[in-house]
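Colleague: Okay, handing you the structure first.
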Amino acid sequence: MKRNLKKIILGGACVLIGLAGASLFAQELNPQIQKGIECHDRARAGDPKNTDALIEECLKTLEPFIQTDAIACAVYGSALTIKASIVVETNAIKSLEYLDKGNGFIDKAVTMKSDEIYCRMLRLENGIEVSRTSPLKRYSDIKSDVEFLIDDEKVEELSGNDKAEAYLYCGFYYLDSGDLDYALELFELAQQAAPDSDSGKRAQKMLDKYSE
Amino acid sequence: MIQIMKRCGVLFLIIFLISVCAGFGAEGDTAQVPATVRMSISKIKVYLDEEELTQDTPADGKIRYSTILSYTKFRENKKFTKKGFEKEAETTRLRLMNSGLFYSAQIETRESRKNPGTMVVYITVRTGFLLRFGGGNAYGLFGKAALGGRRNLLAGYLGYNKSGASYVDENAFGVPLILGAGAFTNVPQSLVEKEPLAFDTFLKAGFFATPDLSMGADVQALISIKGGATTEITVSPFLCHTALFSERLMMKTEVCQFNYFGEVQGSSLEAAVNVEYTPIKQITLAGRLNGGLVIQDTEINLTEQKIRSGYTPEELTTDCYGRFSAEFRWNALSFNMPPCFPVDLIPYVFTDLALAQDYSDKAIRLLDAYGVGLAINFDCPVFAYFNFSYGVNHQGKGRFVFAAMQSF
């Protein structure tokens, strides 16, 4: 159900818990899992020299926890999707295999802990990127994540950068669903939440694209 | 019967014109829709993999601006009603996705802020998987689409009964011109089974009058060598229209005339209308209405896919026919075959009903088939389709049919 997001922004309170990544977690993380997340985030940030090694380190570090910890399971799945993007040029079929497996782990993580915002956001972002850049379509899987963030107002529990990221990808979801007007509304909120962040800048780029 | 066929020819023409008008209707209102303001397009913005493309953007191996625009009726300064914009936006999206060149396609239309009263069209696509794998009965296919960013396909064939290559460009030189050529041989089958060595070549030329309407001609030369060489040449003008009403409803109309030269001379005309409707994701209702008649000195074979039951080849040879086929398809199972090939298993029930007549005999024959089948579809990135069916006729005679194709 759509809500008037400007009312939420004006009326709600945004609690700054911490910096990106760690601000999303409701609980203290196992140091090994934290290490795996750091490797994942550095690989995701696009360090071309070390991405392969970072991903392998991430997978190795998180593997013991994927059956018991939802966040570890989600990050492990996301790392597999990053691995897919690494090998896509040399082995497109293997890339699809990694994508499929990665999506499976991310879905499992959300099932293990459906109220964990980090898992939801990871699935949403992976779902958008995978659906746009591969034959695998994940829109029906991530619909509940959009509803969780927007309709259930969980986006309000996030800090500036993470909030911008959440609005940005929810905007992409509605854009891909054909609702351009609502998508632009969400891009505007993303840009307002953190104008100087990567997500804020991407949101501004989307707003500029449709300002012709 | 010939009178019936001539009337059916008129029916095909009417169906063809309706489907063409349904396509042209995107640009204006139909008689049922009240007249509304028509707005012109001031700009078309094309984005490929998040980068904006223009006519001047160098290809660099990426899909070209002209290739993407070949799938849409939107052009700068062209006018549409509001409903027309919505309809053409959705149809363009379906054409782009059906091309197999893109993983995703979004089309948005908005009133321009810089030029109020005009519209801006945004086309955003992501490059898809461009390699092609496939095959048929005793041969494999490997190919690549969008070479040089163009709307083309280069394919190599290798197998027991078909080896060769083909190239077809559907937007040659950046204009809606269709050009193609291919050459095949039946080695090693001819050596093993001591059959005539055959060389099969084709040339194709045509054009797209609209993104949905193509016309042209195929010229095929079949050279058989055994003792001496014989050459059979077939010239086939064709006309084809595809109407994409929505993601769930599609209609395709084809008319083709076959003109034979060489040892076998003659000509025949065939036309077909295919409709596919998917009311829910797992169910597809498909219907095909087709017919043909001999114009001069040849005969039509209703073998294999046309009547899928146990008639002899002689029983399936005729001078004119009208046929109706229907299939009820159930997408029973979709899964990924290792390493990650998406596979759809689609069982279906079918019926083929035809009336056939020879010119020398006024009697009209009923040819029928009732049966079940299984389609195994390997969609992107494999693009290979296999069809197995078994049907019986009212005489109880049955036949198993295998076809390397998606549907009838």
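Colleague: Relative contact order for chain B using alpha-carbon pairs under 8 Å, separation at least 6, rounded to a whole percent?
Modeller: Details: 1037 pairs, mean separation 41.3, N = 408.
The normalised contact order for chain B reaches 10 percent.
Colleague: Sort A:155-162, B:270-277 by the packing proxy (mean of other Cβ within 10 Å over each peptide's residues), most packed first.
Modeller: On the way: A:155-162: 21.2, B:270-277: 18.6.
Packing proxy ranking, top to bottom: A:155-162, B:270-277.
Colleague: Once you compute Rg and the Kirkwood Rh from C-alpha atoms, what is the Rg to Rh ratio for region B:226-377?
Modeller: 1.05
Colleague: Accessible area per residue, 1.4 Å probe, Å², for chain A: what's the number?
Modeller: 45
Colleague: Apply the Debye scattering formula to the protein assembly as shown, with a single equal point scatterer on each alpha-carbon and no solvent, then give log10 I(q)/I(0) at q = 0.05, 0.07, 0.08 Å⁻¹.
Modeller: Each listed q maps to, in turn, -0.29, -0.55, -0.71.
Colleague: Checking an interface number: how much accessible area is buried between A and B, summed over both chains, with a 1.4 Å probe, in Å² rounded to 100?
Modeller: On the way: alone 10640 and 20810 Å², together 29260 Å².
Approximately 2200 Å² gets buried when A meets B.
Colleague: Something else: Any chance you could tell me what percent of the C-alpha pair distances in region B:181-257 go past 16 Å? Write down the numbers at each step before the final one.
Modeller: Details: 1864 of 2926 pairs.
Value for region B:181-257: 64 percent of Cα pairs lie more than 16 Å apart.
Colleague: Compare B:Pro176, B:Pro188, B:Pro211 in a GNM of chain B, Cα atoms joined below 10 Å, and give the one with the largest fluctuation.
Modeller: It is B:Pro188.
Colleague: Let me ask something else. For A:Lys201, list the lysines whose Cα falls under 18 Å from its own Cα; do not include residues on the same chain fewer than 8 positions away.
Modeller: Cα-Cα hits under 18 Å: A:Lys163, A:Lys209.
Colleague: Next up: Reachable aspartates and glutamates from B:Lys397, Cα under 19 Å, same-chain residues fewer than 8 places away excluded?
Modeller: Straight-line reach from B:Lys397, under 19 Å: B:Glu304, B:Glu314, B:Glu315, B:Asp352, B:Asp368.
Colleague: Same structure again: Tell me what chain B gives for mean residue ellipticity at 222 nm when only DSSP H runs of n ≥ 4 count, each as -39,500 (n - 2.57), the sum divided by the residue total, rounded to 500 deg cm²/dmol.
Modeller: Numbers: 4 runs with 49 residues, N = 408.
So the helix-based figure for chain B works out to -3500 deg cm²/dmol.
Colleague: Also, I was wondering about something else. In peptide A:198-209, how many Cβ atoms from other protein chains are near each Cβ within 10 Å, on average? Numbers along the way, then the final one.
Modeller: On the way: counts 0, 0, 0, 0, 1, 0, 0, 1, 0, 0, 0, 7.
Shielding by partners across A:198-209 averages 1.
Colleague: For chain A, restrict the atom set to alpha-carbon positions and state the Rg and Dmax in Å.
Modeller: Spelled out, the Cα radius of gyration and Dmax of chain A are 16.6, 51 Å.
Colleague: Return the single residue from A:Ser140, A:Ser78, A:Ser114 with maximal mean-square fluctuation; model: Gaussian network over chain A, springs between Cα atoms under 10 Å.
Modeller: So, out of A:Ser140, A:Ser78, A:Ser114, the one fluctuating most is A:Ser140.
Colleague: In cubic angstrom, how much convex hull volume per residue do the alpha carbon atoms of chain B span?
Modeller: Details: hull volume 67.7 nm³, N = 408.
Dividing the Cα hull volume of chain B by its residue count gives 166 Å³.
Colleague: From other protein chains only, count the Cβ atoms within 10 Å of every residue's Cβ in A:130-136, then give the mean.
Modeller: Values: counts 1, 3, 10, 6, 8, 9, 5.
Per residue, the number of nearby Cβ atoms from other chains is 6 on average.
Colleague: Please name whichever of B:Ala356, B:Leu316, B:Gly373 sits farthest to the positive end of the charge dipole of region B:297-389, dipole taken about the Cα centre and charges placed at Cβ: Lys and Arg +1, Asp and Glu -1.
Modeller: Of the options given, the answer is B:Gly373.
Colleague: Once the whole set of protein chains is in place, how much accessible area is left on B:Ile223, using a 1.4 Å probe, in Å² to the nearest 10?
Modeller: 60
Colleague: In 5 Å bins starting at 0, how do the alpha-carbon pair distances of region A:139-202 split up by percent?
Modeller: 4, 22, 30, 26, 15, 3, 0
Colleague: Sticking with this structure for a sec: Any idea of A:Lys154's accessible area? Nearest 10 Å², probe 1.4 Å.
Modeller: Ignoring ligands and nucleic acids, A:Lys154 comes out at about 60 Å².
Colleague: Straight-line reach from B:Lys78: which aspartates and glutamates have a Cα under 19 Å away, not including same-chain ones fewer than 8 places off?
Modeller: A:Glu212, B:Glu27, B:Asp29, B:Glu86, B:Glu88, B:Glu90, B:Glu108, B:Glu111, B:Asp212
Colleague: Pick out which of A:Lys49, A:Lys101, A:Lys163 has the largest mean-square fluctuation in a Gaussian network model of chain A, springs linking Cα atoms closer than 10 Å.
Modeller: Sorting by GNM fluctuation, first place goes to A:Lys49.
Colleague: What's log10 of I(q)/I(0) for region B:299-387 at q = 0.18, 0.20, 0.23 Å⁻¹, Debye sum over Cα points only, no solvent?
Modeller: Normalising to I(0) and taking log10 leaves -0.80, -0.89, -1.03.
Colleague: Please compute the contact order of region A:147-212 in relative form: average sequence separation of alpha-carbon pairs under 8 Å and at least six residues apart, divided by the residue count, as a percent. Walk me through the numbers before you get to the answer.
Modeller: Working: 78 pairs, mean separation 19.6, N = 66.
For region A:147-212, the relative contact order is 30 percent.
Colleague: What whole-number value in Å² describes the accessible area per residue of region B:127-201 for a 1.4 Å probe?
Modeller: Working: 3510 Å² over 75 residues.
Per-residue value: 47 Å².
Colleague: A further question on this structure: Which value, in Å² rounded to 10, gives the accessible area of B:Val372 with a 1.4 Å probe and all protein chains present?
Modeller: Accessible surface of B:Val372 is approximately 80 Å².
Colleague: By what distance, in whole Å, do the Cα atoms of region B:128-196 stretch along each of the three principal axes, largest value first?
Modeller: Projected onto the principal axes, the Cα atoms of region B:128-196 cover 45, 24, 15 Å.
Colleague: While we're here: Add -39500 (n - 2.57) for each DSSP H run of 4 or more in chain A, then divide by its residues: what number comes out at 222 nm, to the nearest 500 deg cm²/dmol?
Modeller: On the way: 10 runs with 140 residues, N = 212.
That calculation yields -21500 deg cm²/dmol at 222 nm.
The values are calculated or read from the model by the stated rules, or taken from the named source; none is laboratory data. What you see is a predicted model, and the numbers here were worked out from it, not measured in a lab. When we count neighbours, we look across all protein chains shown, and the Cβ atoms used for this are built from the backbone with ideal geometry, even at glycine. These accessible areas exclude ligands, DNA and RNA; they are computed on the full protein's heavy atoms, side chains included. Shrake-Rupley method; radii C 1.70, N 1.55, O 1.52, S 1.80 Å.
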